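Visitor: Take a look at this one; I'll ask things after.
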Amino acid sequence: MSEAHTGSCLCGAVRVTVDGPLSPPDACHCGQCRKQSGHYWASTDVDRERVTIAGEDQLSWYQSSEKVRRGFCRICGSFLLWDPPGRKSLAIAMGCFDAPTDTQLHMHIYTADKGDYYAIADGLPQNAQ
């Protein structure tokens, strides 16, 4: 039997199961992720074939750019998915997973756009874009 990771939105209407290990997550500091999440957004990229979503009818999608849409629970508003259609994987919010996740943050991205109210001081690699 393979390892599985489960998670959900705040109200539990949308539930996510990932078969197998989670990839090391990154923290995105871009303006869109900060505005939608309320801070920066940590996520893990997962091959679509390993993801099962229960309550998918409760997902709403926001097309935030020509290249990506963002999925959130239509009931509680939890921001859960970052989906670039046509790509083999999608990003899933680390905050939705039940512990243990068995992974650790490995880098920060879009740090040139980070908020002016915090510092990134954990020693992890930082990509400006």
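Visitor: Ignoring any ligand, DNA or RNA, what whole percent of the accessible area of the stretch 1-123 comes from carbon and sulfur when the probe is 1.4 angstrom?
Guide: Working: 3350 of 6700 Å².
In the stretch 1-123, the share of accessible area belonging to carbon and sulfur is 50 percent.
Visitor: Rounded to the nearest 10 Å², what accessible area does residue 61 show when all protein chains are kept and the probe is 1.4 Å?
Guide: Spelled out: residue 61, probe radius 1.4 Å, area about 90 Å².
Visitor: Compute the relative contact order of the chain as a whole-number percentage, counting only Cα pairs closer than 8 Å that sit 6 or more residues apart in sequence. Before the final figure, lay out the partial values.
Guide: Working: 273 pairs, mean separation 36.5, N = 129.
Relative CO of the chain lands at 28 percent.
Visitor: Using a simple charge model, +1 on the beta-carbon of Lys and Arg, -1 on the beta-carbon of Asp and Glu, nothing else, what dipole does the stretch 1-49 show about its Cα centre, in debye to the nearest 20? Each step should come with its number before you reach the end.
Guide: On the way: 4 positive and 6 negative charges, 78 e Å.
Here the stretch 1-49 has a charge dipole of around 380 debye.
Visitor: Classify the stretch 5-57 as rounded, prolate or oblate from the Cα gyration tensor: take a ≥ b ≥ c as the square roots of its eigenvalues, call it rounded if a/c is under 1.5, otherwise prolate when a/b beats b/c and oblate if not. Provide the component values of the computation, followed by the final result.
Guide: Working: a/c = 2.47, a/b = 1.35, b/c = 1.83.
It is oblate, given that a/c is not under 1.5 and a/b is not larger than b/c.
Visitor: Let me ask something additional. Of 105, 59, which has the most accessible area with a 1.4 Å probe, and how do the rest follow in descending order? Walk me through the numbers on the way to the answer.
Guide: Details: 105 55, 59 10 Å².
My answer, sorted largest first, is 105, 59.
Visitor: Kindly report, to the nearest 10 Å², the accessible surface of residue 88 as traced by a 1.4 Å probe over protein heavy atoms only.
Guide: 140
Visitor: Any idea of residue 33's accessible area? Nearest 10 Å², probe 1.4 Å.
Guide: 0
Visitor: Which whole-number percentage describes the relative contact order of the stretch 6-81, with Cα contacts under 8 Å and a sequence gap of 6 or more? Walk me through the numbers on the way to the answer.
Guide: Numbers: 116 pairs, mean separation 23.8, N = 76.
In percent, rounded to a whole number, it is 31.
Visitor: Starting from the Cα gyration tensor of the stretch 75-117, take the square roots of the eigenvalues, sort them a ≥ b ≥ c, and report rounded, prolate or oblate (rounded when a/c is under 1.5, otherwise prolate if a/b is larger than b/c, else oblate).
Guide: On the way: a/c = 1.32, a/b = 1.17, b/c = 1.13.
Rounded shape, in that the Cα axes give a/c under 1.5.
Visitor: Using a Cα-Cα cut-off of under 20 Å, which lysines could be cross-linked to residue 67, ignoring same-chain neighbours fewer than 8 residues away?
Guide: Within the straight-line cut-off, residue 67 pairs with 35, 88.
Visitor: Ignoring ligands, DNA and RNA, how do 56, 49, 66, 3 rank by accessible area with a 1.4 Å probe, largest first? Mind dumping the intermediate values first?
Guide: Working: 56 110, 49 155, 66 190, 3 75 Å².
Order by accessible area, largest first: 66, 49, 56, 3.
Visitor: Please give the per residue accessible area of the stretch 1-89, computed with a probe of 1.4 Å over protein heavy atoms only, in Å².
Guide: On the way: 4770 Å² over 89 residues.
Heavy-atom accessible area per residue stands at 54 Å².
Visitor: Still on this model: So how strong a dipole does the chain carry about its Cα centre when Lys and Arg Cβ are +1 and Asp and Glu Cβ are -1, to the nearest 20 debye? Please report the intermediate quantities before stating the final value.
Guide: Working: 12 positive and 15 negative charges, 86 e Å.
It works out to roughly 420 debye.
Visitor: Something else now. Counting only helical runs of four or more DSSP H residues, what would the 222 nm mean residue ellipticity of the chain come to if each run contributes -39,500 (n - 2.57) and the total is spread over all its residues? Provide the component values of the computation, followed by the final result.
Guide: Values: 1 runs with 7 residues, N = 129.
Result for the chain, helices only: -1500 deg cm²/dmol.
The values are calculated or read from the model by the stated rules, or taken from the named source; none is laboratory data. All values derive from a computational prediction rather than experimental measurement. A quick note on method: Cβ atoms are made from the backbone with ideal geometry, for glycine too, and the neighbour counts reach across all protein chains shown. SASA here: full protein model, heavy atoms, side chains in, ligands and nucleic acids out. Shrake-Rupley method; radii C 1.70, N 1.55, O 1.52, S 1.80 Å.
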